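A.B. asks: First the structure, then my questions, so here it is.
What follows is calculated from the coordinates using simple rules that are stated; it is not laboratory data. All values derive from a computational prediction rather than experimental measurement. FYI the Cβ positions are ideal-geometry reconstructions off the backbone, even for glycines, and counts take in every protein chain you see.
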Amino acid sequence: MSKQMDQARVLKNEPLAEGVFSLLLQTVFAEEAVAGQFVSVYSRDGARLLPRPISICQIDRDAGTLRLVYRVVGRGTEEFSRLKAGESLRVLGPLGNGFAREAGTLPDCRRPILIGGGIGIPPMVGLAEALHSANRSGESISEEQILIGTKERVRVEPTLVMGYRDDDTFLTEECRASGRLVIASDDGSIGTHGTVIDAIREQRVTGDAVFACGPKPMLRAVKAYAEQNKLLCFISMEERMACGIGACLACVCRTVDADDHSRVKNARVCADGPVFDAKKVDLS
């Protein structure tokens, strides 16, 4: 997939929850994007040279649009929250590997567990929609399997486990449209009182593979859960980025093995990820 710079057009920009906004963009690279990738959004203020990385929430290839859901955490994202329909901004994308079979980050599975925490929820919505769309079109994420002498298409049935701080939730309708939704909240005001792992146990969620995006403590717990239950696990890392294309090495994460080129146990989240096989990443 080739990355492109584009003057994307703002179609809609609206709040979803306290400090969380949804930005709908029309852009030339919507056709190439896959769930789990991200884009780098540039400020229109010349004093802010570095772009802000924002994960892709939803992709509409027919309409040529990407939906980005982001949290306001600084001056750059605060500027984005004031964008109006009809305005444009410079965007580089699609970036990273995402959840794609050719990248080895979307294995065959029938009952995936999709786990999102905070602003790690949007890419899980995109993955759930991709799986749900394949079901509707009659395609299969897995190869056709031979069962008792007949060919049967494998239907993917995801469970989405989403963690929020409190009852100020977002993207729950989109989650329910693509699978079973289980909610955890830090303060217990909605769903299970506790972590996403607490919710999985309380609601007796089972599956054959795990996909997750969220803060590192959550990913650490998800990785441990997957190992205990002998499940494939792929995680999307959240790291501070600068260039977004792998040149500056500002977003490296520790890996279990050294890479073939540098002989160092590091990987660039923006270029080698953001999606990794959890077994290959050191989250300690």
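A.B. asks: Please express the shape of region 183-284 as an equivalent ellipsoid: the semi-axes are the square roots of 5 times the eigenvalues of the C-alpha gyration tensor, given largest first in whole angstrom. Working shown, then result.
C.D. replies: Values: eigenvalues 168, 51, 18 Å².
For region 183-284, the semi-axes come out at 29, 16, 9 Å.
A.B. asks: Cβ neighbours within 10 Å, averaged per peptide: list 185-194, 205-214, 121-130 in order, most packed at the top.
C.D. replies: Highest-to-lowest ranking by the protection proxy: 121-130, 205-214, 185-194.
A.B. asks: Per q in 0.12, 0.14, 0.17, 0.18 1/Å, what log10 I(q)/I(0) does a Debye calculation on the alpha-carbon atoms of region 4-95 return?
C.D. replies: Debye curve over Cα of region 4-95, log10 I(q)/I(0) at q = 0.12, 0.14, 0.17, 0.18 Å⁻¹: -0.31, -0.42, -0.63, -0.72.
A.B. asks: Placing +1 at every Lys and Arg Cβ and -1 at every Asp and Glu Cβ, with all other atoms neutral, what dipole size does the chain have around its Cα centre, in debye to the nearest 20? If you can, show how the numbers build up before the last one.
C.D. replies: Numbers: 36 positive and 38 negative charges, 78 e Å.
Charge dipole of the chain: 380 debye, to the nearest 20.
A.B. asks: Extending each Cα 7 Å along its Cβ direction at D198 and R155, get the distance between those two points in nm, one decimal.
C.D. replies: 3.4 nm
A.B. asks: Considering Cα pairs under 8 angstrom that are at least six residues apart, work out the relative contact order of region 158-277 and quote it in whole percent. Intermediate results must be reported in sequence, preceding the final value.
C.D. replies: Working: 192 pairs, mean separation 19.3, N = 120.
This gives 16 percent for region 158-277.
A.B. asks: Averaging sequence separations of C-alpha pairs under 8 Å and six or more residues apart, then dividing by the length of the chain, give the relative contact order as a whole percent.
C.D. replies: 17 percent
A.B. asks: In nm, to one decimal, how far is the modelled label at I245 from the one at L11, with both set 7 Å along Cα→Cβ?
C.D. replies: According to this spin-label approximation, the distance is 2.7 nm.
A.B. asks: Sticking with this one: Tell me, how many Å apart are the Cα centres for region 235-250 and for region 32-87?
C.D. replies: 16 Å
A.B. asks: Tell me which of Q26, L89, I56 sits at the most positive position along the dipole axis of region 4-95, charges placed on C-beta atoms (Lys, Arg +1; Asp, Glu -1).
C.D. replies: Farthest towards the positive pole: L89.
A.B. asks: Could you work out [θ]222 nm for the chain from helices alone, using -39500 (n - 2.57) per DSSP H run of at least four and dividing by all its residues? Round to the nearest 500 deg cm²/dmol.
C.D. replies: Estimated from H runs of four or more residues: -5500 deg cm²/dmol.
A.B. asks: Can you tell me the relative contact order of region 24-104? Whole percent, Cα pairs under 8 Å, sequence separation 6 or more.
C.D. replies: Relative CO of region 24-104 lands at 40 percent.
A.B. asks: Report, for the chain, the % of DSSP beta bridges that are antiparallel, rounded to 5. Each step should come with its number before you reach the end.
C.D. replies: On the way: 41 of 64 bridges.
So the antiparallel bridges amount to about 65 percent of the total.
A.B. asks: Please provide three numbers in whole Å: the alpha-carbon extents of the chain along the principal axes, with the largest listed first.
C.D. replies: Computed over the chain, the largest-to-smallest principal extents equal 62, 45, 41 Å.
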